[in-house]
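Asker: Let me begin by handing over the structure; questions about it come next.
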Amino acid sequence: MMGIVSYGSYIPKFRIKVEEIARVWGEDAKKIKGGLGVYEKSVPDVDEDAATIAVEAAREAIKRAKINPEDIGAVFVGSESHPYAVKPTATIVGEALGVGNDYYAADLEFACKAGTAGMQICYSMVKSGIIRYGLAIGADTSQARPGDALEYAAAAGGAAFLIGKDPIAEIEATYSFTSDTPDFWRRDLQPYPSHGGRFTGQPAYFRHIISAARGLMEKYGYKTEDFDYAVFHMPNAKFPVRAARMLGFSEEHISQGLVVRAIGNAYSGSSLLGLAATLDIAEPDERILLVSFGSGAGSDAFALRVTDRIKEFEREPKVWEKIERKVYVDYAIYLKHRRKIRA
Amino acid sequence: MRRVAVVGVGQSKFGELWDKGFRDIVLEAGREALEDADLEGKEIEAIFVGNMSGGRYLGQEHIAALIADYAGLAEFGIPATRVEAADASGGLAVRQAYMAVASGMHDIVIAAGAEKVTDVGDPMEILSASVDIEWERFVGGNLPALYAIIARLHMETFGTTEEDLALISVKNHRNGALNPKAQFQRVIRVEDVLNSPYVAEPLKLLDCASVSDGAAAVILASEDVAREITDTPVFIEACTQASDYLALQSRKDILTMNSVVKAARESYKIAGVEPKDIQVAEIHDSFTIAEVLAYEDLGFAEKGEGAELIREGVTEIGGKIPVNPSGGLKACGHAVGATGVRQIVELTLQLRGEAGKRQVEAEKGLALNIGGTGATAVVSVLGR
Amino acid sequence: MVPRSWRKIKYRYDLRGSYCENCGNYHYPPRNFCPTCRRRGKVIETLFPEEGRVVSYTVVREKEPYIVALIELDNGARVLSQVCCDPSEMKIGMRVRKAFRRYGEDNEDGIIHYGTKFVPVN
């Protein structure tokens with residue numbers, strides 16, 4: 001049996017409220033909160049980035065797994081805010097974790113699904129027997145153009161998943177639905193992404209999430225009722241709720257993973273943080289459906305079955321507890337932390 | 001080992017000397033020393049130079065050769081040596097010169113200290129190269145930050161206050177106002193120090209000596225030669241040097257500078273004196289806390305009780321042991337490599353009775369020159 | 001100075017110092033020579049504890065304030081590092097835990113320096 005052996009997460013402690021961003025742009029905070037379902041988002045410290053978030057999340061995963069980091073055979077870091085355009089985050093992470101030199105590594109980019117893509121690669125390598133453990137991380141300090149709608153939700157955070165044998169959650173199946181759909185993109189050297197507005201909805205997010213979920217279920221014989229929890233990528237709180245409904249899930253199925261309300265959309269970390277929050281309370285034999293979405297576009301779907309091993313697994317501090325550890329900043333400090341203004 | 005005496009002293013004004021280049025200030029100090037000793041210059045057999053960083057402050061290395069050249073001594077091909085121990089470079093130069101004469105190697109030598117810092121952007125930044133660059137500076141531990149860390153622990157452990165530290169600065173400024181060569185001639189009050197902006201808490205702007213331009217020179221001679229040159233030789237009765245771990249994190253107790261304790265103990269032994277016999281001292285007050293710590297490590301006060309001396313006025317001119325009658329580093333300005341030599345100039349003037357308005361009654365004096373946060377210390381005991 | 005920073009990566013990204021098997025002392029930064037034993041020493045590299053207590057600290061206020069602290073790790077070795085918190089939270093004796101953070105960069109087009117800072121243990 002193989003799957004998730006351990007997981008860790010990291011959310012920077014600073015938060016900015018929707019009211020504060022709306023104040024600067026003269027917008028109606030109530031309307032925005034109502035529209036997005038998000039009330040505040042996480043903000044990294046000035047000295048944090050996707051690499052530091054990846055390391056913190058991965059260190060927690062390794063500590064909980066109680067393994068020797070040198071037994072990790074692969075490190076894949078998915079992000080759309082890698083600190084370097086050329087020079088991998090994965091090697092910075094590998095070095096900081098003490099993985100040694102015997103490992104496969106690469107950085108991944110597929111908008112918000114780069115982290116789950118890494119999970120699939122690690123799963124394949126474990127399944128084929130060429131590695132003992134693989135580390136897949138999704139971490140981001142997502143940027144949004146000031147004054148753009150995305151600014152209310154573009155957040156920072158990440159989660160790390162250690163894949164191997166004797167898991168706490170078995171990867172029973174995984175399936176991806178992919179197409180060339182330009183809903184959201186960023187050209188090289190451009191500081192901020194661009195997006196197609198409402199085009200990001202039905203032709204992009206919903207088409208891929210639903211197709212991936214249904215594709216997984218059809219190919220592997222699952223029904224909605226087989227799942228106790230569902231975690232979808234969270235660009236806001238509305239889309240995943242609607243996707244859940246379209247697939248026949250209730251809000252109860254997804255509320256545990258709906259971290260976006262309180263921390264915003266951590267891009268490559270989004271669905272993975274939702275998964276971590278769900279694993280924090282899942283019981284043996286419960287099944288989780290995870291469906292990520294990355295613009296450009298694609299969705300990775302997973303059927304995960306929790307095993308007995310989760311009972312001995314250290315799950316403190318929980319993701320929702322970390323979410324509650326926060327310090328508020330105003331818009332000017334937020335700009336400084338995001339390095340949009342520098343000395 | 002022969003007895004060694006100071007026969008001539010000289011120094012430039014210390015400060016932001018925009019109109020003077022490095023060569024100008026060195027020659028100014030050297031000429032004054034030669035005039036003081038009534039020597040032509042050709043009598044000098046060797047030159048020892050204390051300069052922390054000609055390379056970074058001026059892009060110039062080979063400093064001793066440069067000075068020998070401009071002093072007209074390259075004409076005789078005398079040996080010229082530069083020594084470096086951050087801001088204890090001057091003390092090192094004095095000690096090297098002392099050893100050269102005491103050993104019998106030379107009869108008359110000159111020890112010079114000089115630094116020109118205002119030709120570059122950030123003088124304190126370069127002085128911060130005196131800390132462990134890779135493990136202290138890298139994490140943001142520049143020189144003020146490290147002294148601040150010492151200060152805070154001293155305050156927490158022994159109850160020393162920011163007011164106590166301010167009194168040190170006030171005393172030194174009061175003394176400096178009596179010293180025409182000091183950079184700062186302004187008397188300040190405790191409130192001025194307490195209201196000055198924080199540099200690294202708890203140290204404020206007026207707790208920190210400015211890094212300045214300046215040069216000083218002392219001519220040393222063996223006793224026999226000294227008595228031919230002058231009626232007022234001032235003897236260097238001991239000149240010792242010690243080291244300590246460079247990074248604060250490597251030391252067991254950051255509230256004691258082991259280099260100072262060791263060098264002082266050895267100097268006292270060699271000179272046959274105890275701390276209470278010292279009647280005037282020039283102490284390295286790169287930061288006010290450094291002077292308080294020195295009171296303890298030199299044995300003028302018990303560990304932790306250094307602040308009492310300043311509170312009770314013991315180290316004022318007129319007190320039992322005047323410290324920094326010249327104004328110290330704080331009022332004179334800290335010309336890095338020149339400071340250690342300037343201290344010997346001051347003690348010599350004091351012991352000769354030539355210190356003008358800031359004169360104290362003394363027959364035994366002590367100089368303490370420290371490198372960085374105390375990885376090097378040079379202690380000298382001078383006597384009539 | 002790329003090669004010089006590169007050599008330090010192992011000891012900055014994590015708290016990796018040295019231990020002398022002869023006298024049992026820990027050192028950070030790691031040493032080639034045990035200062036207690038010198039030639040008699042047997043120095044090996046080892047990973048240090050994640051937590052420690054603040055021995056002393058300062059808030060450097062020349063430009064943007066940052067906190068530098070002398071921290072004693074749980075194995076007795078001391079390390080100078082930055083602490084990421086509000087200055088008002090700092091107290092001598094408080095417990096802190098390591099965190100992986102950015103220390104700076106060699107210009108906008110140069111390499112990024114990562115290293116270990118500390119955060120309060122809550």
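Bear in mind that the values in this text are calculations on the coordinates, not laboratory data. Please read all numbers here as calculations on a predicted model, not as lab measurements. Here the Cβ positions follow ideal geometry from the backbone for every residue, glycine too, while neighbour counts run over all protein chains shown.
Asker: Quick one: divide the alpha-carbon radius of gyration of chain C by 2.2 N^0.38 Å and tell me what you get. Before the final figure, lay out each step's value.
Answerer: Working: Rg = 15.7 Å, N = 122, 2.2 N^0.38 = 13.7 Å.
Against the compact-globule rule of thumb, the ratio is 1.15.
Asker: Roughly how crowded by other chains is peptide B:134-146, in terms of the mean Cβ count from those chains within 10 Å of each of its Cβ atoms?
Answerer: Details: counts 7, 8, 4, 1, 9, 12, 11, 8, 3, 0, 4, 11, 4.
Counting Cβ atoms of other protein chains within 10 Å of each residue's Cβ and averaging gives 6.
Asker: What trypsin sites (Lys or Arg not before Pro) does region C:40-107 have in DSSP loop regions with at most 13 other beta carbons within 10 Å? It would help to have the intermediate numbers written out before the result.
Answerer: Numbers: sites: C:40, C:42, C:53, C:61, C:63, C:78, C:91, C:95, C:97, C:98, C:101, C:102; in loops: C:40, C:42, C:61, C:63, C:91.
Taking region C:40-107 and a limit of 13 other Cβ atoms within 10 Å, the loop trypsin sites (Lys or Arg not before Pro) found are C:40, C:42, C:63, C:91.
Asker: Next up: Sort C:81, B:169 so the one with the fewest other Cβ atoms within 10 Å of its own Cβ comes first. Mind dumping the intermediate values first?
Answerer: Numbers: C:81 31, B:169 28.
Going from sparsest to densest Cβ surroundings: B:169, C:81.
Asker: Also: When the gyration tensor of region A:2-337 is built from Cα positions, what are the square roots of 5 times its three eigenvalues, in whole Å, from largest to smallest?
Answerer: Working: eigenvalues 158, 105, 70 Å².
For region A:2-337, the ellipsoid semi-axes come out as 28, 23, 19 Å.
Asker: Sticking with this one: When each pair of different Cα atoms in region A:136-249 is counted once in the 1/r mean, what is the Kirkwood radius in angstroms, to one decimal? Provide the component values of the computation, followed by the final result.
Answerer: Values: mean 1/r = 0.0607 Å⁻¹.
Answer for region A:136-249: a Kirkwood hydrodynamic radius of 16.5 Å.
Asker: Please report the spacing between the Cα centers of region A:251-275 and region B:143-204 in Å, no decimals.
Answerer: Using only Cα atoms to place each centre, the spacing works out to 53 Å.
Asker: If you don't mind, another one. Which listed residue (B:105, C:120, A:149) has the Cα farthest towards the positive end of the charge dipole for the protein assembly as shown, taking +1 on Lys and Arg C-beta and -1 on Asp and Glu C-beta about the Cα centre?
Answerer: So the residue we want is A:149.
Asker: Further question: If you take every DSSP beta bridge fully contained in region A:2-337, what fraction is antiparallel? Give it as a percent rounded to 5.
Answerer: Details: 39 of 58 bridges.
If I count the DSSP bridges inside region A:2-337, around 65 percent turn out antiparallel.
Asker: Another question, if that's okay. Mind sorting B:62, B:173 by how few other Cβ atoms lie within 10 Å of their own Cβ, fewest first? Mind showing how you got there, number by number?
Answerer: Working: B:62 12, B:173 23.
Placing the least packed residue first, the sequence is B:62, B:173.
Asker: Around residue B:335, which amide H atoms from residues at least 5 apart in sequence, or from another chain, sit under 5 Å from its own amide H, with H modelled in the peptide plane?
Answerer: Residues meeting the amide H criterion: B:212.
Asker: Let me make sure I get this right: for chain B, a, b and c are the square roots of the gyration tensor eigenvalues over alpha carbons, sorted descending. Under 1.5 in a/c it's rounded, otherwise prolate if a/b > b/c, else oblate. Which is it?
Answerer: Here chain B falls in the prolate category.
Asker: If the elastic network links every pair of Cα atoms under 10 Å, which of A:99, A:327, A:260 fluctuates the most in the Gaussian network model of chain A?
Answerer: Greatest mean-square fluctuation among the candidates belongs to A:327.
Asker: Sticking with this one: Tally Lys and Arg at +1 and Asp and Glu at -1 over the other residues with C-beta under 10 Å from the C-beta of residue B:256: what net charge comes out? Could you put the intermediate results ahead of the total?
Answerer: Numbers: positive: B:251, B:252, B:303; negative: B:244, B:253, B:296, B:297.
Local net charge: -1.
Asker: Then there is this: Which pairs, out of A:63/A:318; B:252/C:63; A:165/A:318; A:17/A:322, put more than 26 Å between their alpha-carbon atoms? Display every interim value, and only then the final one.
Answerer: Details: A:63/A:318 15 Å; B:252/C:63 31 Å; A:165/A:318 24 Å; A:17/A:322 17 Å.
From the list (A:63/A:318; B:252/C:63; A:165/A:318; A:17/A:322), the Cα-Cα distance tops 26 Å for B:252/C:63.
Asker: Quick one: among C:86, C:109, C:14, which has the greatest mean-square fluctuation in a GNM of chain C with alpha-carbon springs under 10 angstrom?
Answerer: It is C:109.
Asker: Could you tell me which of rounded, prolate or oblate describes region A:276-343, using a ≥ b ≥ c as the square roots of the eigenvalues of the alpha-carbon gyration tensor, with rounded for a/c under 1.5 and, failing that, prolate when a/b is larger than b/c and oblate otherwise? Please report the intermediate quantities before stating the final value.
Answerer: Working: a/c = 4.33, a/b = 1.67, b/c = 2.59.
Here region A:276-343 falls in the oblate category.
Asker: What nm value, rounded to one decimal, do you get for the distance between residue A:223 and residue C:10 when each label is placed 7 Å out toward the C-beta?
Answerer: It is 5.9 nm.
Asker: Still on this model: With both partners inside chain B, how many of the DSSP beta bridges are antiparallel, as a percent to the nearest 5? Provide the component values of the computation, followed by the final result.
Answerer: Details: 38 of 54 bridges.
That works out to approximately 70 percent antiparallel.
Asker: Lys/Arg Cβ at +1, Asp/Glu Cβ at -1, dipole of region B:9-59 taken about the Cα centre: which of B:17, B:44, B:29 is farthest positive-ward?
Answerer: The residue sitting most towards the positive pole is B:17.
Asker: Residues with beta-carbon under 15 Å from that of residue A:47, excluding residue A:47: net charge, scoring Lys, Arg +1 and Asp, Glu -1? Don't jump to the answer; show the numbers that get you there.
Answerer: On the way: positive: A:13, A:336, A:338, A:339, A:342, C:12, C:63, C:98, C:101, C:102, C:117; negative: A:45, A:48, A:49, A:56, C:64, C:86, C:105.
Result for the local shell: +4.
Asker: For an R0 of 60 angstrom, estimate the FRET efficiency from the Cβ-Cβ distance between residue A:149 and residue B:189 and round to the nearest 0.05.
Answerer: On the way: r = 58 Å, r/R0 = 0.96.
FRET efficiency, residue A:149 to residue B:189: 0.55.
Asker: Right, another one. What nm distance separates the two modelled labels at residue C:109 and residue A:173, each placed 7 Å from Cα along Cα→Cβ?
Answerer: Once both label points are built, they end up 5.2 nm from each other.
Asker: Nothing charged except the Cβ atoms of Lys and Arg (+1) and of Asp and Glu (-1): what's the magnitude of the dipole of chain B about its Cα centre? Round to the nearest 20 debye.
Answerer: Details: 36 positive and 57 negative charges, 56 e Å.
So the magnitude is around 260 debye.
Asker: If the only charges are +1 at each Lys and Arg Cβ and -1 at each Asp and Glu Cβ, what is the size of the charge dipole of region B:6-77 around the Cα centre, to the nearest 20 debye?
Answerer: Values: 6 positive and 14 negative charges, 70 e Å.
About 340 debye.
Asker: Okay, moving on. Once fully extended, how much extra length lies between residue C:62 and residue C:121, figured as 0.36 nm per residue of separation less the alpha-carbon to alpha-carbon distance? Let's see the in-between values first.
Answerer: Working: separation 59, 0.36 × 59 = 21.24 nm, distance 2.73 nm.
Using 0.36 nm per residue and subtracting the Cα-Cα distance, I get 18.5 nm.
Asker: Still on this structure, I have one more. Would you please classify the overall shape of region B:157-230 from the alpha carbon gyration tensor, given that a ≥ b ≥ c denote the square roots of the eigenvalues, rounded means a/c under 1.5, and beyond that prolate means a/b larger than b/c while oblate covers the rest?
Answerer: Numbers: a/c = 2.86, a/b = 2.36, b/c = 1.21.
Because a/c hits 1.5 or more and a/b exceeds b/c, region B:157-230 counts as prolate.
Asker: Expressed as a whole number of Å, what is the distance separating the alpha-carbon centroids of region B:54-92 and region C:73-116?
Answerer: Each part's Cα centre sits 39 Å from the other's.
Asker: Which pairs in the list A:336/B:116; A:87/A:127; A:66/A:219 are over 30 Å apart, alpha-carbon to alpha-carbon?
Answerer: Details: A:336/B:116 37 Å; A:87/A:127 28 Å; A:66/A:219 35 Å.
Those over the limit are A:336/B:116; A:66/A:219.
Asker: Restricting things to Cα coordinates, could you compute the convex hull volume per residue of region B:290-384 in Å³?
Answerer: Numbers: hull volume 9.3 nm³, N = 95.
Expressed per residue, the convex hull around the Cα atoms of region B:290-384 is 98 Å³.
Asker: Given the convex hull of the Cα atoms of the protein assembly as shown, what is a quarter of its surface area in nm²?
Answerer: On the way: hull surface 155.2 nm².
Result: 38.8 nm².
Asker: Still on this structure, I have one more. Nearest 10 degrees is fine. How inclined is helix B:22-37 to the longest principal axis of chain B, computing both from alpha carbons?
Answerer: 70
Asker: Could I ask something else about it? How large is the helix-only mean residue ellipticity at 222 nm for chain A, computed as the sum of -39500 (n - 2.57) over DSSP H runs with n ≥ 4, divided by its residue count, in deg cm²/dmol to the nearest 500? Before the final figure, lay out the partial values.
Answerer: Details: 12 runs with 110 residues, N = 343.
Per the formula, -9000 deg cm²/dmol.
Asker: Computed FRET efficiency, Cβ-Cβ of residue C:22 and residue A:314, R0 56 Å: what is it to the nearest 0.05?
Answerer: Numbers: r = 37 Å, r/R0 = 0.65.
Calculated value: 0.95.
Asker: Another question about this same structure. Say a paramagnetic label sat at a point 7 Å from the Cα of residue B:105, along Cα to Cβ; which residues of region B:1-17 have their backbone N under 14 Å from it?
Answerer: B:2
Asker: Now for a different question. Going by how many other beta carbons lie within 10 Å of each one, how would you line up A:320, C:6, fewest first?
Answerer: Numbers: A:320 13, C:6 10.
Ranking A:320, C:6 by Cβ neighbours within 10 Å, fewest first, gives C:6, A:320.
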